[in-house]
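I have placed the structure first, in the form of structure tokens, so that the comments after it can refer back to it.
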Amino acid sequence: MSPVDDARYNSSYSTTIKRRGCTAETREKILEDLKGWVVDPKGAKVYWMNGMAGTGKTTIVYSLCEWLEENRQLGGNFFCSRISALCRNVNNIVPTLAYQLAQYSPAFRSTLCKVLEEKPEASKLNVERQFEKLVREPMHAVKTAMPESVVVVVDALDECDDGDAFRLFLETLLKLAADLPLKFFVTSRPEPAIRDKMLAPGYSRSVLHLHDVEESIVEADIKKYLTEALGSMSPPPSPDEVERLAKLAGKLFIYAATAVRYIRPGDLRVNSSARLRTVLGMVSGSTKQHDELSRLYTSILSAAIDPERLEEQEKSDILLTLWTVVCAKEPMTVRTLASLLNLTEEQVRFSLQPLRSIIHVQEGIQGLVSPFHASFPDYLFDKRRSRKFHCKTTRHNEILANGCFDVMKAQLQFNICKLNSSFVFDEDVLDLQERIEKSIAAALSYACRYWGEHLRQGNSTVMIHERLVDFLTHRLLFWMEVLNLERRMAIGGEILRQVQEWLPKDSDINTWKQVADAEAFVTRFAAGACTRSTPHIYISGLPFCPRSSSVRENYWEHTRGLIRD
């Protein structure tokens, strides 16, 4: 099994994206009700807490997990995140929870090990079979050994990117939970696909609609948060100003948190009183909460991209950087952003500086850049809400696909890690990890893993087709080296299969053949034992490639002189 450590509520990744629990003395009624459900022996086996974006779901769940862990009742937890490839993959949820349950219970661990001995591929099955083999089967065997009121938590299920898979996960959970000595706490937005499953008749579950909590209770909690967060201002906001700010926030904690970061950023010297007046001065003409959030985001971006003080190129750089952060498949460093966008690191840092209240920039050279909250990409992707700041996803993914091709063209090369012999397995090269870190930059790693996704989600243009064929003709095997060295060879065939699905039906016959032959070659190599030694891409893979394959045609003559046993 390969558990996802980043998915834990208090992982190092959670610090990177600034996940935290509730401010003291806030959300008390909700947390007390949840604790009551945990300890109630007659409580429903599944509890679904749903709420619109920005209502504070994850913060509440974080506090619940802290309490459960203190009381030795946290069996496992998985916090989904759309900005992490591992944390948005629903197929990682059950194996990670099973691994954590094995850490929690020695009896369960012993039984799970027996299951894995008999069926070692269990974690690679679909989510229904995963749940059957990795949770239900071993848990039934140790039912009497489990303490009461053990809870398993799954947060933000709607941030997973495979709708069919998470619907199957919910079906399986609701069907099998009743017979298990566990309780399951699940949170999400009230997306139709999730709501329909969770409210389907025939299952026992508890439901809390977070956005239906009485507004006066939420407003009181938001006022407490604002008073604490802005209390160090000089002078601090008056009770009337706090009241007005809380009214603007409505039931959206993310509005309050974003306003705080804008008014009082931790790493910048600003006129906080003037910024507070700016936020309070925004004209409210709507009772819709997300209109207020849109207005706040627009105000922050208007101040950041001020045409009176910025050159056109500077404004362009800020928007280019901003749209890349929200379209990225995982958080990137400043250096990686610069490489993909063909900007300098100084340009990227300058572009991010005025966006610090809505974009999180982790400190240090390896610091990652990501949106503070999922509601911000939602805003940018909706033209009606973001207007002049709207991110056209197809156009920007085309830009990022080109950026990936640029990086791979510049950095991929034959025998990138200078491996001396095909007789030595990669795992036996003593300094291989150091060679990988030295030779495969983060930008190249990102480009090798995600060029296909950006290609599929971008515009289909003549130029992008030409770049695809150029890549397949000149750099396919070098790309395979990177995937194999990073132990990601299995994704290569899937990327190329997705490219086949993306290709328009009227594409050039040569393009179709290039992609199909590449997919067959990569899939065949990934399925064999030769993956244990990267040089065997050339030593074994290429010589046994069919003579009719374009892969052999493209590379055979060029690599024969380079290959040595």
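Among the residues of the range 22-38, which ones are assigned to a helix (DSSP H, G or I), under 16 Å from HIS209 (Cβ atoms) and not β-branched (Val, Ile, Thr)? Matches in the range 22-38: LYS29, ASP33, LEU34, TRP37. Does SER2 count as in a loop (DSSP other than H, G, I, E, B), buried (at least 23 other Cβ atoms within 10 Å of the Cβ) and either touching a residue at least 60 places away in the same chain (Cβ under 8 Å) or among the hydrophobic types (A, V, I, L, M, F, W, C) (or both)? Against the criterion (in a loop (DSSP other than H, G, I, E, B), buried (at least 23 other Cβ atoms within 10 Å of the Cβ) and either touching a residue at least 60 places away in the same chain (Cβ under 8 Å) or among the hydrophobic types (A, V, I, L, M, F, W, C) (or both)), SER2 does not qualify.
Of everything in the range 39-61, what is touching a Lys or Arg at 6+ places or on another chain (Cβ under 9 Å), assigned to a helix (DSSP H, G or I) and open to solvent by less than 30 Å² (accessible area, probe 1.4 Å)? Give them in sequence order. Write out each step before concluding.
Filtering the range 39-61 down to residues touching a Lys or Arg at 6+ places or on another chain (Cβ under 9 Å) leaves 43-60.
Okay, now just the ones that are also assigned to a helix (DSSP H, G or I), so 57-60.
The answer is LYS57, ILE60.
Out of ARG82, ARG72, I need the residue that is among the charged types (D, E, K, R), open to solvent by 30 Å² or more (accessible area, probe 1.4 Å), within 21 Å of the chain's Cα centre (by Cα) and under 29 Å from ARG27 (Cα atoms). Which one? Lay out the reasoning, then the answer.
On the way: ARG72 fails: within 21 Å of the chain's Cα centre (by Cα).
The unique qualifying residue is ARG82.
Only residues that are of a type outside the set (A, V, I, L, M) and crowded, with 17+ Cβ neighbours inside 10 Å were counted across the range 487-501, and they come to 2.
For every residue, the table says whether it meets (1) modelled with pLDDT of 95 or more; (2) out of contact with any helix residue (DSSP H, G or I) (no Cβ under 8 Å at 6 or more places or on another chain); (3) of a type in the set (A, V, I, L, M); (4) within 24 Å of SER81 (Cα to Cα).
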| residue | (1), (2), (3), (4) |
| --- | --- |
| PHE376 | no, no, no, yes |
| LEU380 | yes, no, yes, yes |
| HIS390 | yes, no, no, yes |
| HIS396 | yes, no, no, yes |
| MET408 | yes, no, yes, no |
| LEU419 | no, no, yes, no |
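Against the criterion of being in contact with a Gly (Cβ under 8 Å, 6 or more places away or on another chain) and on the phi < 0 side of the Ramachandran plot, TRP37 qualifies.
GLY163 passes every criterion in (1) modelled with pLDDT of 95 or more; (2) within 22 Å of the chain's Cα centre (by Cα) apart from (1). All conditions in (1) modelled with pLDDT of 95 or more; (2) out of contact with any strand residue (DSSP E or B) (no Cβ under 8 Å at 6 or more places or on another chain); (3) open to solvent by less than 50 Å² (accessible area, probe 1.4 Å) hold for ARG335, with the sole exception of (3).
If the condition is being of a type in the set (Gly, Ala, Ser) and surrounded by fewer than 16 Cβ atoms within 10 Å (Cβ to Cβ), then the range 19-38 contributes ALA24, GLY36. For the range 526-542, check the following and say yes or no: at least one residue is under 25 Å from HIS454 (Cβ atoms) and out of contact with any Leu (no Cβ under 8 Å at 6 or more places or on another chain). The answer is yes; a qualifying residue exists.
Scanning the range 146-155 for residues that are farther than 14 Å from ALA177 by Cα, open to solvent by 10 Å² or more (accessible area, probe 1.4 Å) and either touching a Lys or Arg at 6+ places or on another chain (Cβ under 8 Å) or assigned to a strand (DSSP E or B) (or both) turns up just one, PRO147. Is it the case, given these coordinates, that THR111 is free of Cβ contacts under 8 Å to residues at least 40 places away in the same chain, buried (at least 17 other Cβ atoms within 10 Å of the Cβ) and over 24 Å from SER81 (Cα atoms)? So THR111 fits the description; yes. Within the range 405-420, residues that are on the phi > 0 side of the Ramachandran plot have Cβ atoms under 8 Å from residues that are buried (at least 19 other Cβ atoms within 10 Å of the Cβ) and of a type outside the set (Ser, Thr, Tyr) in these pairs: ASN415/GLU481; ASN415/PRO535, counting only partners at least 6 apart in sequence or on another chain.
For the range 195-240, a residue qualifies if it is open to solvent by less than 50 Å² (accessible area, probe 1.4 Å) and of a type in the set (D, E, K, R), and the qualifying residues are GLU219, ASP221.
For every residue, the table says whether it meets (1) open to solvent by 80 Å² or more (accessible area, probe 1.4 Å); (2) more than 30 Å from SER533 (Cβ to Cβ).
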| position | (1), (2) |
| --- | --- |
| TYR379 | no, yes |
| LYS383 | yes, yes |
| ARG395 | yes, yes |
| CYS404 | no, no |
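Rundown of residues vs (1) surrounded by 15 or more Cβ atoms within 10 Å (Cβ to Cβ); (2) part of a helix (DSSP H, G or I), yes/no style:
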{"residue": "ALA259", "(1), (2)": "yes, yes"}
{"residue": "LEU276", "(1), (2)": "yes, yes"}
{"residue": "SER302", "(1), (2)": "no, yes"}
{"residue": "GLN313", "(1), (2)": "no, yes"}
{"residue": "LEU322", "(1), (2)": "yes, yes"}
{"residue": "PRO354", "(1), (2)": "yes, yes"}
{"residue": "SER357", "(1), (2)": "yes, no"}
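Of the numbered criteria (1) under 24 Å from MET139 (Cα atoms); (2) assigned to a helix (DSSP H, G or I); (3) of a type outside the set (D, E, K, R), the one ASN77 fails is (2). Scoring CYS65 on the criteria (1) open to solvent by 20 Å² or more (accessible area, probe 1.4 Å); (2) touching a residue at least 40 places away in the same chain (Cβ under 8 Å); (3) more than 24 Å from TYR379 (Cα to Cα); (4) not hydroxyl-bearing (Ser, Thr, Tyr) leaves a single failure, condition (1). For the range 427-448, filtering for residues that are touching a residue at least 60 places away in the same chain (Cβ under 8 Å) and open to solvent by 30 Å² or more (accessible area, probe 1.4 Å) leaves 3. Residues in the range 176-192 that are open to solvent by 30 Å² or more (accessible area, probe 1.4 Å) and either without any contact (Cβ under 8 Å) to a residue 12 or more places away in the chain or not in a loop (DSSP other than H, G, I, E, B) (or both): ALA178, ASP179, PRO192.
The values are calculated or read from the model by the stated rules, or taken from the named source; none is laboratory data. Bear in mind the structure is a predicted one, so any value in this text is a computation, not a measurement. Positions of Cβ are backbone-derived with ideal geometry, glycine not excepted, and every protein chain shown enters the neighbour counts. Keep in mind that these areas ignore ligands, DNA and RNA; they rest on the heavy atoms of the full protein, side chains included. Shrake-Rupley method; radii C 1.70, N 1.55, O 1.52, S 1.80 Å.
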